[in-house]
1. Cα atoms only: what Rg and Dmax, in Å, come out for segment 178-314?
2. Solvent-accessible area per residue for segment 302-427 at a 1.4 Å probe radius, Å²?
3. For segment 258-299, state which trypsin sites (Lys or Arg not before Pro) are in a DSSP loop and have at most 10 other beta carbons lying within 10 Å of their beta carbon.
4. If packing is taken as the mean number of other Cβ atoms within 10 Å per residue, what is the order of 153-165, 194-206, 234-246, 339-351, highest first?
5. Just the number please: accessible area per residue for segment 140-223, 1.4 Å probe, all protein chains included, in Å².
6. Please report the base-10 log of the normalised intensity I(q)/I(0) for segment 282-349, using a Debye sum with one equal scatterer per alpha carbon and no solvent, at each q in 0.17 (1/Å).
7. Between Thr197 and Arg159, what is the spin-label point distance in nm, taking each point 7 Å from the Cα along the Cα→C-beta axis?
8. Which pairs break 23 Å Cα to Cα here: Lys293/Lys368; Lys303/Lys368; Lys293/Lys329; Lys303/Lys329?
Amino acid sequence: EQVARHAQQPRPGQLQSATSSSPPEGSTYNKATPRVPAMPRVADDELDRMMADLFAKPAPRAPPPHVATRVPDVARTAPAGYAPFGASVAASRTGGGVSGGDRQHAFAGRPTLSATAAPMAPLPRAGAGDVAAKPPAAAAALAWPPDHGVALEQNARTRHYMEDAVVAEPLLVPSTHAFFAVYDGHGGRAAVDYVSTQLHRSVQAELKASRGADAPGALRRAFARTDSQLKLAGAFHAGTTAAVILLERPPPAVGAPRGEVVAHVANAGDSHVYLLDRASGAVERLSEEHSPKEPAEVERVTKAGGRVDYGRIGGVLAVTRALGDHALKAEARAAGLTAQPAVVSRPVSCATSLALVAVSDGVLEGVKEEEELGAIVRGALLGADAGRRGPSAAAEEAAKRLVDAALNQGSRDNISALVIPLNETST
């Protein structure tokens, strides 16, 4: 401001000439007013000194005594054996200041955070002969959505039409579930066509209603709903068996092993689901046999008011559970037939299990032994050329070999096979 005022002041000569001139006529200018004294000229060196003083930095002020001046430099002061980077910071409530690094600020009377260095945990030192410990191996993750392979055969030598159907919905909503099913119709395609388009939708609706918390109950309710719809559609003399696999991948919060899923198996009739062991090759049937040859089923039918004649329920049907066939479910002609499925839930893992297999009874007419079924699937999934084919192609080859084996060994029914390999994910 001093420099600006100095630059605006007129020189002494200019001031004198300006004041010596007569004021304008009519002005109230008082001639007795003393003249303004001339300002002395400031030397150039004095002006430079004034400019230097004006822009000079103020001397740093010492911080208040209660404020720490610096957080210790851990990277330089840490003893040998400690981590050379990062310092733990402990926050404490104080009444005066904040310290951190080379900056200091004081806020009188305000509670602030004070950062102080905390000791760090020492890192272990490896000896000369020590080997670095490896972290524990995580469980292998199951490929999702699951791979699968399907094969169907009408068997035209003995069957003039195809009544089997296979459904695969690898990403059922919610995406934590996958739906697979093999259906074996009878009395025409009316019932099997309806079930193959509606049952998985009913399962999906039930899963949404229960928020995925009751998969076995969702399967039972979906079977009952679909069967009642078949009655409204007039399926009195047509029906179908069902072998359903509902795979459920638990969310991470549940704490299940990463490579484990739960297989919920529901079946009604004589179509079946098998689980193959990876190490031993053993085959376990997860479904139940619902035929008039099973003592437990005969007892159930009898208690329901029905009877078994000539190895058939009501002398008509060769299975004791099926969707449709409402002529045998009517109250006037109650024969003990039901659509209620047998449901079992089993955790399966790609580390211990090789595959899940669902087949119609046409496969089992030719491949009569479970050990043979397991050997066929195992050979296709673990053979020398399985890696070259890829998981889905290997599963399809396994299903095709099952169908061919049944056909070549005298099966006279429609033949359907579904293979779900339990593979480890490649990501």
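The values are calculated or read from the model by the stated rules, or taken from the named source; none is laboratory data. What you see is a predicted model, and the numbers here were worked out from it, not measured in a lab. All Cβ positions, glycine included, derive from the backbone under ideal geometry; neighbour counts span all protein chains shown. These area figures cover heavy atoms from the full protein model, side chains too; ligands, DNA and RNA do not enter into them. Shrake-Rupley method; radii C 1.70, N 1.55, O 1.52, S 1.80 Å.
1. Looking at segment 178-314, its Cα Rg and Dmax stand at 17.1, 54 Å.
2. Value returned for segment 302-427: 44 Å² of accessible area per residue.
3. Details: sites: Arg258, Arg278, Arg285, Lys293; in loops: Arg258, Arg278, Lys293.
Sites meeting the loop and neighbour criteria: none at all.
4. Values: 153-165: 16.2, 194-206: 19.9, 234-246: 24.9, 339-351: 18.2.
Order by mean packing, descending: 234-246, 194-206, 339-351, 153-165.
5. Values: 3550 Å² over 84 residues.
Heavy-atom accessible area per residue stands at 42 Å².
6. Evaluating at q = 0.17 Å⁻¹ gives log10 I(q)/I(0) of -0.60.
7. 2.1
8. Values: Lys293/Lys368 16 Å; Lys303/Lys368 31 Å; Lys293/Lys329 20 Å; Lys303/Lys329 14 Å.
Going by Cα-Cα distance, Lys303/Lys368 fall outside the 23 Å limit.
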